[in-house]
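Let me begin by presenting the structure, written as structure tokens, before commenting on it.
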Amino acid sequence: MLTIQHLSKTYPGGTHALEAVDLTVGAGEIVAIVGGSGCGKSTLLRIVAGLDRPSAGRVSIDGRVVSEPDPAIGIVFQEPRLFPWLTVAQNVGFGLAHLPRAERDARVAEALARVGLSDKAHVWPRQLSGGQAQRVAIARALVARPEVLLLDEPFSALDAFTRLDLQRHLLQIWAAVSPRPTLVIVTHDVDEAILLADRVIVMQPEPGRIAQEMPVDLPRPRDRAAPAFEAQRRQIMSALDRTLPGLSVLSA
Amino acid sequence: MVELSSASTRTRPARPALTALWPLAGLILPLGLALAWEAVVALGWNSGRLLPPPSVILATLTDLAARGDLAHHAQATLTRVVLGFGAGVVAGTVLGALTGYARGLARLLDPTLQALRAIPSIAWVPLFILWFGIFEAPKVALIAVGVFFPVYLGVMEAIRGVDRKIVEVGRVFRLSGVAMVRRILLPAVLPAYVTALRSGLGLGWMFVVAAEFMGASAGLGYLLIDGQQLGKPAQIVAAIIAFAVLGKLTDSLLALAAAPFLRWEDSFASSPRSSE
Ligand SMILES: Nc1ncnc2c1ncn2[C@@H]1O[C@H](COP(=O)(O)OP(=O)(O)O)[C@@H](O)[C@H]1O
Ligand SMILES: [Mg+2]
């Protein structure tokens, strides 16, 4: 279980990026975080990943406080960030250098099969399409078997079709891995949030904080065209509207 | 129909043979000019006294080689280049790595080094002679100065240019400082480093000529001066050819040694981009 308690972050320049964020994510749960840009979503993920330090508050996994990068937490960024000098298989195995060769190879092969790229194992990253590269990044994060996988707008740089394909793919992987990893995914795309998440967190800016939490009680696989999906979409949209600074002034 | 297909089978084998010869197209002009000059001198239209025809240059080269002079002078020059290059590369790599890695050190050292770089390197020669005497040391020092700056700048800029986003992936996987350097920084800077080494080597060859003009009793530069003073243009051209061959050879060796580590860079063009 991932626990975020009273997390605040003020950058050296004085930007108040997060203010008292509290969030608990259960094991195997999928949480989507939506919100306009600048409301601290990336800051939140970076602190959870141990890449940045909070000004106050703390992050813990199963009661254990994490303050630096931790094997239990993986992260996928908006860009694949593959190492261009390593083959796809070597990229996936990057975090497994401590394992014996045979075990590493087996786990890399398994991860590549899971993201459907077994045939690309010996190809250089430059030879991959954007969607394939992002799948390799997901495989590289998952091969270390983290309890929690953080994804910061992982599909936002991809075209619409590839994005749909990877959303479906991510769910498949999540369902196939046991125990199921906890996923925290930041997205701009409300449909993506509803399609993937058990719970949607809406954030608002200045200072970045949680505006609203909404469970998504739709059976999987979810149908974007279903009326219940549409109702959920409207609910999140209006929650997002309320986070806009102009509107809060009007309603005050 | 029958004619068409037979025509195409007849022309097809000829094409790959022709395209395989394309890289040699660059030889047409120099070889053509050489042959033309040979003919002009052979026909007596020009004495070839100032610019000897290729046959005379070839004879001079084989003569120099047969007497062992070519090897002797080439070796003297090569030794200077190798020593100067080695010293310049070591100094450039260490200082470039320090200033590239630590902003504070860069603020401390870089302005001075940039100021020194603004000095035309040949201007150091009198000072080097005063300091190091007239034998090998000032020559090697001059070459090292020439090699130093491109290597220093290349290393500094390569390290600064390493993608921070990729370094962050190293942090996510909890790499130690040493592992970060070995597994991420070194491979990331390698292509730029090889480029810097190659331009450093090029300058090393440029400066060895200047160094040997300072006065040398051996070396290809000595052959140049000697040829000028004794009016032997064939010897000058022979030495120039030797410079070209050695320069190209050492550069190719460097590129060849680096190639296994840079396969990921050029394999891009040769293999088709796959699609989703
Ligand atoms: N390294 C940083 N230094 C200073 N300010 C930053 C830094 N990173 C982000 N910020 C600021 O913090 C706020 C939140 O940024 P971010 O977490 O990236 O938002 P989001 O991911 O929701 O778009 C923004 O105002 C941004 O300008
Ligand atoms: Mg962001």
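Structure values in brief
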read-out: A:Val76 long-range amide H proximity, modeled H, under 5 Å; value: A:Leu150, A:Leu151, A:Asp152
read-out: Sites B:Ile28 and B:Glu157 - FRET efficiency at Förster radius 35 Å, r taken between beta-carbons, to 0.05; value: 0.35
read-out: Chain B - convex hull of the alpha-carbon atoms, volume per residue in Å³; value: 220 Å³
read-out: Residues in the range B:248-264 occluded by at least 40 Å² - accessible area, probe radius 1.4 Å, against chain by itself; value: B:Trp264
read-out: Whether the range B:126-276 is rounded, prolate or oblate, judged on the alpha carbon gyration tensor where a/c under 1.5 counts as rounded; value: oblate
read-out: FRET efficiency, 1/(1 + (r/R0)^6) with R0 30 Å, evaluated for B:Tyr101 and A:His98 via beta carbons; value: 0.70
read-out: Tail beyond 31 Å, pair distance distribution of the protein assembly as shown (Cα, percent); value: 63 percent
read-out: Residues losing 20 Å² or more accessible surface upon assembly, the range B:187-232, compared with the chain by itself, 1.4 Å; value: B:Pro187
read-out: Efficiency of FRET from Cβ geometry, B:Lys232 and B:Arg174, R₀ 51 Å, rounded to 0.05; value: 0.15
read-out: Surface share of carbon and sulfur [accessible, 1.4 angstrom probe, percent] for the range A:186-225; value: 50 percent
read-out: Chain B: DSSP helices with Cα axial extent of at least 30 Å and average Kyte-Doolittle hydropathy no lower than -0.5; value: B:69-101, B:136-160, B:186-213, B:233-258
read-out: Label point at A:Asp105 placed 7 Å out along Cα→Cβ; residues across the range A:119-135 whose backbone nitrogen lies under 15 Å; value: A:121-122
read-out: Top of B:Leu186, B:Leu18, B:Leu58 by mean-square fluctuation, Gaussian network on chain B, Cα under 10 Å; value: B:Leu18
read-out: Percent carbon-and-sulfur accessible area, the range A:17-128, ignoring ligands, DNA and RNA, probe 1.4 Å; value: 50 percent
read-out: Apportionment of accessible area to carbon and sulfur, chain B, percent (1.4 Å); value: 71 percent
read-out: Per residue accessible area in Å² of the range B:123-276, where ligands, DNA and RNA are left out and the probe is 1.4 Å; value: 50 Å²
read-out: The range A:195-227-the range A:12-27 distance, computed between alpha-carbon centres (Å); value: 18 Å
read-out: C-alpha center-to-center spacing [the range A:144-173, the range B:207-226] in angstrom; value: 65 Å
read-out: Whole-Å distance, taken between Cα centres, linking the range B:26-99 and the range A:52-129; value: 53 Å
read-out: Options B:Leu185, B:Gly202, B:Gly227, ranked by Cα towards positive dipole end of the range B:153-276, top entry (Cβ charges); value: B:Leu185
read-out: Under 5 Å, built H, 5+ apart or other chain: amide partners of A:Val66; value: A:Val59, A:Ser60, A:Ile61
read-out: Cβ-placed point charges (K, R +1; D, E -1), dipole of the range B:99-232 about Cα centre in debye, nearest 20; value: 740 debye
read-out: Antiparallel %, DSSP beta bridges [both residues in the protein assembly as shown], to 5; value: 55 percent
read-out: Gyration tensor (alpha-carbon) shape descriptor, the range B:166-236, a/c threshold 1.5; value: prolate
read-out: Measure of compaction for chain A (Cα Rg per 2.2 N^0.38 Å); value: 1.02
read-out: Cα gyration tensor shape of the range A:1-135, rounded if a/c is under 1.5, else prolate or oblate by comparing a/b with b/c; value: prolate
read-out: Minimum 30 Å² accessible area buried by the other protein chains, the range B:123-170 residues, probe 1.4 Å, relative to alone; value: B:Lys165, B:Ile166, B:Glu168, B:Val169
read-out: Accessible surface buried once A binds B (1.4 Å probe; total of both sides; Å²); value: 2600 Å²
read-out: Leading residue at positive end of dipole, the range A:1-147 (Cβ point charges), from A:Leu96, A:Gly63, A:Ser129; value: A:Ser129
read-out: Partner lysines for B:Lys139 [C-alpha distance under 27 Å; skip if fewer than 8 residues away on the same chain]; value: B:Lys232, B:Lys248
read-out: Simple Cβ-charge dipole of the protein assembly as shown, Lys/Arg +1 and Asp/Glu -1, about Cα centre, in debye nearest 20; value: 460 debye
read-out: DSSP bridge orientation in chain A - percent antiparallel, rounded to nearest 5; value: 55 percent
read-out: Spin-label pair A:Arg233/B:Ser217, simplified geometry with 7 Å Cα→Cβ offset, distance in nm; value: 9.1 nm
read-out: With all protein chains modelled, accessible area of A:Ser238 [1.4 Å, Å²]; value: 50 Å²
read-out: Most mobile of B:Pro120, B:Pro150, B:Pro54 in a GNM of chain B (Cα contacts under 10 Å); value: B:Pro120
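The values are calculated or read from the model by the stated rules, or taken from the named source; none is laboratory data. As the structure is a computational prediction, the values presented were derived from the model and not from experiment. Heads up, the Cβs are rebuilt from the backbone with ideal geometry, glycines too, and the neighbour counts pull from every protein chain shown. Accessible surface is based on the protein model in full, side chains and every heavy atom, while ligands, DNA and RNA are left aside. Shrake-Rupley method; radii C 1.70, N 1.55, O 1.52, S 1.80 Å.
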